[in-house]
1. Give the residues of the range 103-128 that are part of a helix (DSSP H, G or I) and in contact with a strand residue (DSSP E or B) (Cβ under 6 Å, 6 or more places away or on another chain), sorted by residue number.
2. Quickly run through the range 37-68 and pick out the residues that are surrounded by 15 or more Cβ atoms within 10 Å (Cβ to Cβ), without any contact (Cβ under 8 Å) to a residue 40 or more places away in the chain and more than 32 Å from the chain's Cα centre (by Cα).
3. Among the candidates Tyr96, Tyr62, which residue alone is over 29 Å from Gly153 (Cβ atoms) and assigned to a helix (DSSP H, G or I)?
4. Counting just the residues of the range 128-146 that are in contact (Cβ under 8 Å) with a residue 24 or more places away in the chain and surrounded by fewer than 16 Cβ atoms within 10 Å (Cβ to Cβ), which one comes out nearest to Tyr96 (Cα to Cα)?
5. Please find, among Ala33, Ala44, Ala29, the residue that is farther than 30 Å from Asn133 by Cα and in contact with a Cys (Cβ under 7 Å, 6 or more places away or on another chain).
6. Would you mind stating whether Leu85 is touching a Gly at 6+ places or on another chain (Cβ under 7 Å), touching a residue at least 24 places away in the same chain (Cβ under 8 Å) and at negative phi?
7. Give me the pairs: first residue in the range 1-22 and farther than 13 Å from Ala33 by Cβ, second residue surrounded by 15 or more Cβ atoms within 10 Å (Cβ to Cβ) and among the polar types (S, T, N, Q), beta-carbon distance under 6 Å, and six or more apart or on different chains, which are they?
8. Go through the range 129-161 residue by residue and tally those that are of a type in the set (A, V, I, L, M) and assigned to a strand (DSSP E or B).
Amino acid sequence: MMNEDINFKEVRCLGDDGTQYGVISSAEAQKIADGLNLDLVCIAPDGKPPVCKIMNYGKFKYQQEKKKKEAKKKQKVIVIKEIKLSVKIAENDISYKVKHAREFLEEGNHVRFRVFLKGREMAQPEAGVEVLNRVWPMVEDIGVMDKEPKLEGRYVNMMILPKAK
């Protein structure tokens, strides 16, 4: 709430420069804000009495947006690359897919290995875990296992993160 929308009987009023106006009527606080060409903004409506601040609201909003953009710049986006395998995969196919996984890890991406279990393969999910256990020694020098091979629905998943430099 700001300016004329504030309809409390009394408010505790603060100035933009830290000045304390004390507990005054909201109409009087609005007059002070108008005299300074600033806005009266309610910052704590639940207080007893509610707290209002005299400030340049446009400048305040601008600074808040600037802080948000700055925080977004420093944020790191995590990319998860997924590599799908099957239970009946040949050794040279595993090495080819591991080569791609190593490239992803060197770029700093996370890699999820997935073994899809079809039909009767669901009866023996250990076969999927075994495939992932064959993959792990090929990437353990540049990656850290975040999630052990685990059955989740029709997939056996394993998550690998790049090692910290």
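1. Once the filter is applied, which keeps residues that are part of a helix (DSSP H, G or I) and in contact with a strand residue (DSSP E or B) (Cβ under 6 Å, 6 or more places away or on another chain), the range 103-128 yields Phe104, Leu105, Gly128.
2. The answer is Leu38, Asp39, Leu40.
3. Details: Tyr96 fails: over 29 Å from Gly153 (Cβ atoms).
After applying the criteria, what remains is Tyr62.
4. Result: Arg134.
5. Values: Ala33 fails: in contact with a Cys (Cβ under 7 Å, 6 or more places away or on another chain); Ala44 fails: in contact with a Cys (Cβ under 7 Å, 6 or more places away or on another chain).
Going through Ala33, Ala44, Ala29 in turn, just one is farther than 30 Å from Asn133 by Cα and in contact with a Cys (Cβ under 7 Å, 6 or more places away or on another chain): Ala29.
6. Numbers: touching a Gly at 6+ places or on another chain (Cβ under 7 Å): no; touching a residue at least 24 places away in the same chain (Cβ under 8 Å): yes; at negative phi: yes.
For Leu85, the condition - touching a Gly at 6+ places or on another chain (Cβ under 7 Å), touching a residue at least 24 places away in the same chain (Cβ under 8 Å) and at negative phi - is not met.
7. The qualifying pairs are Phe8/Ser26.
8. Of the range 129-161, the ones of a type in the set (A, V, I, L, M) are 129, 131-132, 135, 138-139, 142, 144-145, 151, 156, 158-161.
This time we only want the ones that are assigned to a strand (DSSP E or B), so: 144-145, 151, 156, 158-161.
Qualifying residue count, the range 129-161: 8.
Bear in mind that the values in this text are calculations on the coordinates, not laboratory data. If you're wondering where the values come from, they're calculated on a predicted model, not measured in any experiment. In this analysis, Cβ positions are derived from the backbone assuming ideal geometry, glycine residues included, and neighbour counts consider all displayed protein chains.
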